[in-house]
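To start, the structure itself, in structure tokens.
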Amino acid sequence: MVIIQRQSPAARTRAFLMAEVIVGMAILVLAVLPLAYTMNGEARLFRATYQRAIAMEIVDGEMEILAAGAWHAFPEGTQRYTVPARAAANLPDGQFQLTRTGRHLRLEWTATEKSGVGTIAREVTVK
């Protein structure tokens, strides 16, 4: 003996509604995940651009101070250079380095780890 049960119209409607919800969620996930990865990449690029601008401002300002006469206080050769700028706290780990060769000065900031900022350098020959 075979028993055949028929679904009520309400049960059939609930089953179709559940299938629609699952398909809708799958479409949503497939659309949102790439956007999330894109936004993460954009945030990294924005942060690197911001940090690069800070490093350029600091290096440019310090180079102006050095070129105005502060370079006399530094010996020939390469040495670490300490900057008083509080904005340097927003930079990734790195160091400022001054190289003096006669009247030629080179000030650069280099990150210790790869951060997307790169090396920022300015050179000047003082008169």
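Residue-by-condition table, conditions (1) assigned to a helix (DSSP H, G or I); (2) in contact with a His (Cβ under 9 Å, 6 or more places away or on another chain); (3) in contact (Cβ under 8 Å) with a residue 40 or more places away in the chain; (4) more than 30 Å from Ser115 (Cβ to Cβ):
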{"position": "Ile4", "(1), (2), (3), (4)": "no, no, no, yes"}
{"position": "Ala10", "(1), (2), (3), (4)": "yes, no, no, yes"}
{"position": "Met25", "(1), (2), (3), (4)": "yes, no, no, yes"}
{"position": "Met56", "(1), (2), (3), (4)": "yes, no, yes, no"}
Close pairs (9 angstrom Cβ cut-off, 6 or more residues apart or separate chains): touching a residue at least 12 places away in the same chain (Cβ under 8 Å) in the stretch 28-51, in a helix (DSSP H, G or I) and open to solvent by 70 Å² or more (accessible area, probe 1.4 Å) anywhere: Tyr50/Asn90; Gln51/Asn90
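Condition first: in a loop (DSSP other than H, G, I, E, B) and either touching a Ser or Thr at 6+ places or on another chain (Cβ under 6 Å) or under 17 Å from Ile58 (Cβ atoms) (or both). Now tell me which residues in the stretch 76-95 satisfy that. Break it down into steps so the answer makes sense when it comes.
Restricting attention to the stretch 76-95, the residues satisfying the condition of being in a loop (DSSP other than H, G, I, E, B) are 76, 81-85, 91-93.
Scanning the stretch 76-95 gives Tyr81, Thr82, Val83, Pro84, Ala85, Leu91, Pro92, Asp93.
Does the stretch 38-53 contain any residue that is touching a Leu at 6+ places or on another chain (Cβ under 8 Å) and outside any helix (DSSP H, G or I)?
Going residue by residue through the stretch 38-53, those that are touching a Leu at 6+ places or on another chain (Cβ under 8 Å) are 51.
Right, trim to outside any helix (DSSP H, G or I) and you get none.
The answer is no; no qualifying residue exists.
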Answer from Arg100, Arg52 - the residue that is of a type in the set (Lys, Arg) and within 15 Å of the chain's Cα centre (by Cα): Arg52
Pair list, Cβ under 7 Å, 6 or more apart: the stretch 77-94 residue of a type in the set (Val, Ile, Thr), other residue open to solvent by 30 Å² or more (accessible area, probe 1.4 Å) and at pLDDT 95 or above: Thr78/Gln97; Thr78/Thr99
Counted residues, the stretch 54-78 - those being open to solvent by 40 Å² or more (accessible area, probe 1.4 Å) and not aromatic (Phe, Trp, Tyr): 12
Count of residues meeting criterion [loosely packed, with under 14 Cβ neighbours inside 10 Å and part of a strand (DSSP E or B)] in the stretch 96-127: 4
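With out of contact with any strand residue (DSSP E or B) (no Cβ under 9 Å at 6 or more places or on another chain) and closer than 30 Å to Lys127 by Cβ as the only criterion, which of Glu20, Glu57 stands out? If you could, list the steps in order and put the result at the bottom.
Values: Glu20 fails: closer than 30 Å to Lys127 by Cβ.
The match here is Glu57.
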Number of the condition not met by Tyr81 [criteria: (1) surrounded by 10 or more Cβ atoms within 10 Å (Cβ to Cβ); (2) farther than 21 Å from Val126 by Cβ]: (2)
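Can you pull out every residue in the stretch 61-86 that is among the aliphatic types (A, V, I, L, M) and out of contact with any Asp or Glu (no Cβ under 7 Å at 6 or more places or on another chain)?
Matches in the stretch 61-86: Met63, Ile65, Leu66, Ala67, Ala68, Ala70, Ala73, Ala85.
The values are calculated or read from the model by the stated rules, or taken from the named source; none is laboratory data. All of these numbers come straight from a predicted model, not from anything done at the bench. Every residue, glycine among them, receives a Cβ derived from its backbone with ideal geometry; neighbour counts consider all protein chains shown. Please note that ligands, DNA and RNA were not included when accessible areas were found on the heavy atoms of the full protein model with its side chains. Shrake-Rupley method; radii C 1.70, N 1.55, O 1.52, S 1.80 Å.
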